[in-house]
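Peer 1: Quick one: this structure, given as structure tokens, is what I'll be asking you about.
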């Protein structure tokens with residue numbers, strides 16, 4: 001049994017748990033492989049197109065590995081109000097790979113960013129560079 005099928009089984013193969021299943025599959029591998037899409041569709045008795053539709057709709061799901069050190073930058077309203085648009089421009093100018101997400105749950109400390117699972121509040125380029133260097137020295 002594949003890992004994706006095991007995760008589906010953990011959720012009793014319920015189609016209404018598709019998003020949670022996709023998050024768990026991605027958490028394990030860093031992205032969702034094509035084989036996992038098939039296994040999930042089969043286990044939940046839904047079409048692969050339905051699974052693919054959910055994956056393609058939500059920006060947080062990946063079908064390929066993210067480049068190491070990719071910054072997730074919150075683009076929700078609270079973070080936009082505290083400078084995430086400018087931070088996105090600054091990251092691009094600093095040649096740091098980033099992707100937008102629409103909430104990191106850190107609205108009180110916007111703009112928020114995340115790198116390698118570590119949340120950064122009141123993010124700026126210097127804080128993000130410092131966090132990236134921590135992961136490089138730890139071999140991640």
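The numbers here are math on the coordinates, done by the rules we state, and not lab data. Keep in mind it's a predicted model, so treat the numbers as computed, not measured. Here the Cβ positions follow ideal geometry from the backbone for every residue, glycine too, while neighbour counts run over all protein chains shown.
Peer 1: Under the rule a/c < 1.5 gives rounded, and otherwise a/b versus b/c splits prolate from oblate, where does segment 3-57 land using the Cα gyration tensor?
Peer 2: Details: a/c = 1.37, a/b = 1.03, b/c = 1.34.
Taking the square roots of the gyration eigenvalues as a ≥ b ≥ c, segment 3-57 is rounded.
Peer 1: Note the angle between two axes, namely the Cα long axis of helix 84-93 and the longest principal axis of the Cα atoms of the chain, as a number of degrees from 0 to 90, rounded to the nearest 10.
Peer 2: 80 degrees
Peer 1: Averaging over all projection directions, find the projected area of the Cα convex hull of the chain and quote it in nm² with one decimal place.
Peer 2: Averaged projected hull area, Cα only: 9.1 nm².
Peer 1: For the chain, take the longest principal axis of its alpha carbons; what is the angle in degrees between that and the long axis of helix 48-57, to the nearest 10 within 0 to 90?
Peer 2: 10 degrees
Peer 1: Oh, and also: Can you give me the distance in nm between label points at residue 10 and residue 63, each placed 7 Å from the Cα along the Cα-to-Cβ direction?
Peer 2: Going from the residue 10 label point to the residue 63 one covers 2.4 nm.
Peer 1: Continuing with this model, one more query. Testing the spin-label approximation: label points 7 Å from Cα along Cα→Cβ at residue 38 and residue 93. State their distance in nm.
Peer 2: Placing both labels 7 Å beyond Cα along the Cβ direction yields 4.8 nm.
Peer 1: Starting from the Cα-Cα distance between residue 125 and residue 100, subtract it from 0.36 nm times their residue separation and give me the gain in nm to one decimal. Spell out each step's value before the answer.
Peer 2: Working: separation 25, 0.36 × 25 = 9.00 nm, distance 1.53 nm.
Roughly 7.5 nm would be gained on extension.
Peer 1: Follow-up question, since we're still on this one. Order these peptides, 102-109, 32-39, by their mean beta-carbon neighbour count within 10 angstrom, highest first. The partial results should precede the final answer.
Peer 2: Values: 102-109: 15.0, 32-39: 18.0.
The packing order, highest mean first, is 32-39, 102-109.
Peer 1: Something else about it: How much length, in nm to one decimal, is gained on full extension between residue 52 and residue 19, taken as 0.36 nm per residue of separation minus their Cα-Cα distance?
Peer 2: Details: separation 33, 0.36 × 33 = 11.88 nm, distance 1.14 nm.
That works out to 10.7 nm of additional length.
Peer 1: Convex hull over the Cα atoms of segment 71-137, averaged projected area in nm²? Show your work: numbers first, answer last.
Peer 2: Details: hull surface 15.1 nm².
Dividing the Cα hull surface by four gives the mean projection, 3.8 nm².
Peer 1: Something else about it: For residue 118 and residue 1 in one chain, what is 0.36 nm times their gap in residues minus the Cα-Cα distance, to one decimal in nm?
Peer 2: Values: separation 117, 0.36 × 117 = 42.12 nm, distance 3.20 nm.
My answer for the length gained is 38.9 nm.
Peer 1: Hey, another quick one. How big is the Kirkwood radius of segment 56-98, worked out from every pair of different alpha carbons and given in Å to one decimal?
Peer 2: Details: mean 1/r = 0.0861 Å⁻¹.
Kirkwood radius, segment 56-98: 11.6 Å.
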